[in-house]
């Protein structure tokens, strides 16, 4: 038995990551030297067997406690800065010595974190620099296409309209990239303007935009039916609420040839928007992936529709930032329902 424990200690010491093993009372069972270096503690600090007397990281202790008490899943992730280092910590339950134990796997990700910061700074600068010239190009094409600068032949107009369509596609991609940038950098919440808004007005605005858009979306939008009680108000950001509904609704209209229903309802605390189609549905094994970045199921329907795989990820992220949610229920050949929930705002009374 002692030789087995010795083998475990030698194995842990050779690992390229820091290892801390705790029992369910959060007492130290074993550790390696790299873990001590990453946590900036000495061997003498561990003699008390209480790791968190030596490490002043209350959020880490809370994360461990949540796993022990069953308040979170059997694995969680924490990232923190300590002594000019960025450390990623994975916390999981594991029977290393045959008992129920908690293992902390610590990894120095300082270089990765710095690279990520450089990437985000580059993306932020790129998005800022390209938006103005793209806006100028779009306006110029609109003026020429609408013959405000003189007549153009039909063949020239057709080419200009193709260019205008592509500029719109790029603008939509840039908007998605900007939202992704704000979400990943944690800046998205600071850009929200939460207020008491009329949900019906938002829904009608989305529908009007679809009906005024280029074919085939303008024709596709005519298959939408909207039902619900009025008035309904939500505490949310107007533009982001509009974007969430538009993203989900566009998905439903594009991937179903039948009518699509938007049904909204409210209770005291929450407003629910259900968007239901009667299309081919989503396979059970695909459902957990549809809200991940850049995911697009490889089907004939997705191949014929434009998209970058960011819409549902961004929609879900903003719904959650506004204390709401976005989830999906689907069965193959039985259609799909998306549910958007947002905090109820109550009614606005005049006078």
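Consider residue 167 carefully, then state whether it is outside the structural domain of residue 315 (by TED's automatic domain parsing), touching a helix residue (DSSP H, G or I) at 6+ places or on another chain (Cβ under 7 Å) and buried (at least 17 other Cβ atoms within 10 Å of the Cβ). Judged against the criteria, residue 167 is a match. Got at least one residue in region 241-254 being over 19 Å from residue 175 (Cβ atoms) and out of contact with any strand residue (DSSP E or B) (no Cβ under 8 Å at 6 or more places or on another chain)? Within region 241-254, none of the residues are over 19 Å from residue 175 (Cβ atoms) and out of contact with any strand residue (DSSP E or B) (no Cβ under 8 Å at 6 or more places or on another chain).
Could you tell me whether region 286-293 includes any residue that is touching a residue at least 60 places away in the same chain (Cβ under 8 Å) and either surrounded by 13 or more Cβ atoms within 10 Å (Cβ to Cβ) or in the same structural domain as residue 324 (by TED's automatic domain parsing) (or both)? Yes, there is a match, as at least one residue in region 286-293 is touching a residue at least 60 places away in the same chain (Cβ under 8 Å) and either surrounded by 13 or more Cβ atoms within 10 Å (Cβ to Cβ) or in the same structural domain as residue 324 (by TED's automatic domain parsing) (or both). Scan region 53-100 for residues that are modelled with pLDDT under 85, outside any helix (DSSP H, G or I) and under 16 Å from residue 29 (Cβ atoms) and jot them down. Scanning region 53-100 gives 55, 93, 94, 95, 96, 97, 98, 99, 100.
Any residue in region 126-139 that is at negative phi and either within 21 Å of the chain's Cα centre (by Cα) or outside any helix (DSSP H, G or I) (or both)? Scanning region 126-139, I find at least one residue that is at negative phi and either within 21 Å of the chain's Cα centre (by Cα) or outside any helix (DSSP H, G or I) (or both), so the answer is yes. Does any residue of region 107-120 turn out to be under 30 Å from residue 173 (Cα atoms), in contact with a helix residue (DSSP H, G or I) (Cβ under 7 Å, 6 or more places away or on another chain) and either modelled with pLDDT of 80 or more or surrounded by 12 or more Cβ atoms within 10 Å (Cβ to Cβ) (or both)? Yes, because at least one residue in region 107-120 is under 30 Å from residue 173 (Cα atoms), in contact with a helix residue (DSSP H, G or I) (Cβ under 7 Å, 6 or more places away or on another chain) and either modelled with pLDDT of 80 or more or surrounded by 12 or more Cβ atoms within 10 Å (Cβ to Cβ) (or both). Could you look through region 227-237, keep only residues that are buried (at least 17 other Cβ atoms within 10 Å of the Cβ) and touching a helix residue (DSSP H, G or I) at 6+ places or on another chain (Cβ under 9 Å), and pick out the one that is nearest to residue 252 (Cα to Cα)? Top of the filtered list is 228.
In region 40-52, of all residues being loosely packed, with under 13 Cβ neighbours inside 10 Å and touching a helix residue (DSSP H, G or I) at 6+ places or on another chain (Cβ under 8 Å), the one that is modelled with the lowest pLDDT corresponds to 48.
Taken across region 210-219, residues that are exposed (fewer than 13 other Cβ atoms within 10 Å of the Cβ) and in the same structural domain as residue 132 (by TED's automatic domain parsing) do not occur at all. From the list 141, 180, 151, the lone residue that is surrounded by 15 or more Cβ atoms within 10 Å (Cβ to Cβ) and more than 30 Å from residue 191 (Cα to Cα) is 141.
Condition check ((1) more than 24 Å from the chain's Cα centre (by Cα); (2) touching a residue at least 40 places away in the same chain (Cβ under 8 Å); (3) farther than 30 Å from residue 181 by Cβ) across all residues:
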position	(1), (2), (3)
23	yes, yes, yes
28	yes, no, yes
37	yes, no, yes
41	yes, no, yes
44	yes, no, yes
78	no, no, no
106	yes, yes, no
119	no, no, no
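The single residue among 301, 252, 266, 283 that is assigned by TED's automatic domain parsing to the domain that holds residue 204, within 28 Å of residue 182 (Cβ to Cβ) and modelled with pLDDT under 95 turns out to be 252.
The values are calculated or read from the model by the stated rules, or taken from the named source; none is laboratory data. Keep in mind that what you see is a predicted model, and the values were worked out from it rather than measured. Counting neighbours? That spans all protein chains shown, and the Cβs are built from the backbone with ideal geometry, glycine included.
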